[in-house]
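Data first, discussion second: the structure below is written as structure tokens.
The values are calculated or read from the model by the stated rules, or taken from the named source; none is laboratory data. Computed from a predicted structure; not experimentally measured. All Cβ positions, glycine included, derive from the backbone under ideal geometry; neighbour counts span all protein chains shown.
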């Protein structure tokens, strides 16, 4: 009897506490890490926690954030979108170049239309032809960079009359004391979070990402669902291009290079699983902001900007590891 | 039943090589095993019986290190063991031959048998010669008709199973567990398996043999143990018992389905399938289901029954024929159209096809009828709860809360959620594909009652099942399928079991077997 008593009590308790620590780490670990980081940064730099610096960080994070909101939807639906980086280049170059040629309104409309078209191509190939999303969007990443160079002839573009255009509103404007990019980020995040949590459409995306076969057996039009997530992603990229083009009033050919990884980093950091079927926009918003603060802190501490790439890598690995460790209830695995 | 002489084997008198004592295994919301004892002696075949969901597979997974018991001891060769994973168990000499095969079809027989433990020579290179020799030694013991360099993908299911057994032999096992090994074997492939099992016994290996088929068990085993609803109900010597006693141990109470409660009032045709074919899957299938009627579709695994259901549901494209629903030719192009027109399919594979395991109970329940709980595209939480509560109560689903992930529920409760999901779509035609596979006895009879009540309230119901009692107990009419064709149609109340068996095995084969 004594021995059964022992197994009854000791084993579950031991397991529980370990699993509990892991799940706590995985759920809150990033936040703890973040708070420690904030503390360290504020120790080294008085500026760091100043209101103006915080506003700057949020503002800078908003472009990545806007894109990340869209890509989160794609990921919840069980796919990836790596093409957002060069799509951002494409859309920014397009809207900036066309601004002087056909006027801001037409430029914006055309840019949105063409960006959505790229999203539709991604969506068609992945949703209806069922090609692997990683490969399709990776190929798209490279193809669009090619299109951008063809379009621009390798030249950087800019807007000639930067002072007298309402186009500046999107990147430089303020509404009620809040920068427009931050406002757009916030509104898009709220809008899409509401769609994902409170509409049948959102529920179906979760279902498709969670178990595509069961979704089909429940009468859900899986192909359309997947297709639509790429339209959402493209729409968000177009919004980000609007902000970016308007803020810089010009654009390099490769302005969006590397954004796909930063976006992914933000999403993973927030805790949305790359396996699909789970996650939330709020998590992504938090992840993107953490990423922004870390980068800003490193800069303020005087590290060269490329250090942030390495730090970002470390953070992504940590985030993915903790997520997985939580699922298998231990940090290391004995299975080969 | 079996052609070979049913010699009742005397129990082998030896100290057990393996003992399980007081094994208890809990999953969230369910006790899968409660204080179960089990032992195996060297050189004996110990059959483990029990209904679906009785806990046989769970017990064996505990034994093979796939699950860890909450309580209890595993004693192998006098030593207490704690297997953390299947590899531990294999090294210690306990091997489980899987129901689902886990072979790599692109590799050769030899590579599969020694997967993960390929013999090596210097610089970590694979020692192909030794691999070949070792494999041939194992293949000799198995006496099977294939070579070490055959690709596993090119072998028949029976031969693949031999490869699985060969893989077990590579570990020089002390105990080998066979989990329903004959489920996918034809009658003339079975003796080969029996020979292998007998020769393993002669070599002193202890065999655990799980099967539903009484004839096999009485033919092969020395002792029989029975599980019922996760409880151990006893062990008997095969020589001293008979099928009746075993059945009573398994069921514990009368499970005869109440034939009188079948629906009796039929309306017009709801479903009419006319000469439906899908190339290389099934051919020229015709039948009908009337309002208020339960039609059973009976046949072996692979006869094409699920595929017919999937075609009606718009998941497969027919190469010929028509599906007529409520007097209209429909031929759905996708499942969405089928659902919109009032067809519901409770699929065969709950976990892969029926549920989103990571979602909670409520969300799974409303997944097929989201528009009914939404206004202007927005779901109303109150309406969703209403739907959930309705079926939660009506079907006696046991969950702590609607927030529970369905992945944590028992099979029976999961199945009830799938059925609830489809009932809420208010279908005209309800197709149930193996509605009670792998669920506990209690839920099973609840589901049977429910299906009959649904038909009485006017639903047209098509039930696909491989279990004869289920088909006989539910159906007004029975459609038998064999090898992609409808072979016969019976009146559900006046049909002999022999006739049914003949119809689903093909007449020629039956003659050969008897």
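Tabulated results
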quantity	calculated
Evaluation of residue A:76 against (1) at pLDDT 70 or above; (2) more than 14 Å from chain B (Cβ to nearest Cβ); (3) surrounded by 15 or more Cβ atoms within 10 Å (Cβ to Cβ) (one fails), failing number	(2)
Hits in segment B:422-441 - residues which are farther than 25 Å from residue B:301 by Cβ and not in a loop (DSSP other than H, G, I, E, B)	B:423
The listed residue being at pLDDT 95 or above and either within 14 Å of another protein chain (Cβ to nearest Cβ) or not in a helix (DSSP H, G or I) (or both), out of A:186, A:209, A:256	A:209
Restricting segment B:243-267 to residues that are surrounded by 12 or more Cβ atoms within 10 Å (Cβ to Cβ) and part of a loop (DSSP other than H, G, I, E, B), the residue that is modelled with the lowest pLDDT	B:255
Cβ pairs under 6 Å, 6+ apart, first in segment A:120-132 and over 21 Å from residue A:237 (Cα atoms), second at pLDDT 95 or above	A:128/A:223; A:131/A:125
Which numbered condition residue B:65 fails, given (1) within 14 Å of chain A (Cβ to nearest Cβ); (2) touching a helix residue (DSSP H, G or I) at 6+ places or on another chain (Cβ under 6 Å); (3) within 24 Å of residue B:217 (Cβ to Cβ)	(3)
Options B:342, B:302; residue that is under 18 Å from the mean Cα position of the chain (by Cα) and either more than 17 Å from residue B:280 (Cβ to Cβ) or assigned by TED's automatic domain parsing to the domain that holds residue B:264 (or both)	B:302
Number of positions in segment B:83-94 that are on the phi < 0 side of the Ramachandran plot and more than 10 Å from chain A (Cβ to nearest Cβ)	6
Count of segment B:368-383 residues which are more than 7 Å from every other protein chain (Cβ to nearest Cβ) and at positive phi	1
Residue list for segment B:373-402, restricted to those being more than 16 Å from residue B:421 (Cα to Cα) and in a loop (DSSP other than H, G, I, E, B)	B:376, B:377, B:380, B:400, B:401
Residue match in segment B:326-335 (condition: facing chain A (nearest Cβ under 8 Å), over 23 Å from the mean Cα position of the chain (by Cα) and without any contact (Cβ under 8 Å) to a residue 40 or more places away in the chain)	yes
Unmet criterion (only one of (1) away from every other protein chain (no Cβ under 14 Å); (2) assigned to a helix (DSSP H, G or I); (3) surrounded by 19 or more Cβ atoms within 10 Å (Cβ to Cβ)) for residue A:311	(3)
Positions within segment B:336-367 being assigned to a loop (DSSP other than H, G, I, E, B), out of contact with any strand residue (DSSP E or B) (no Cβ under 8 Å at 6 or more places or on another chain) and either buried (at least 22 other Cβ atoms within 10 Å of the Cβ) or within 7 Å of chain A (Cβ to nearest Cβ) (or both), in sequence order	B:355, B:356
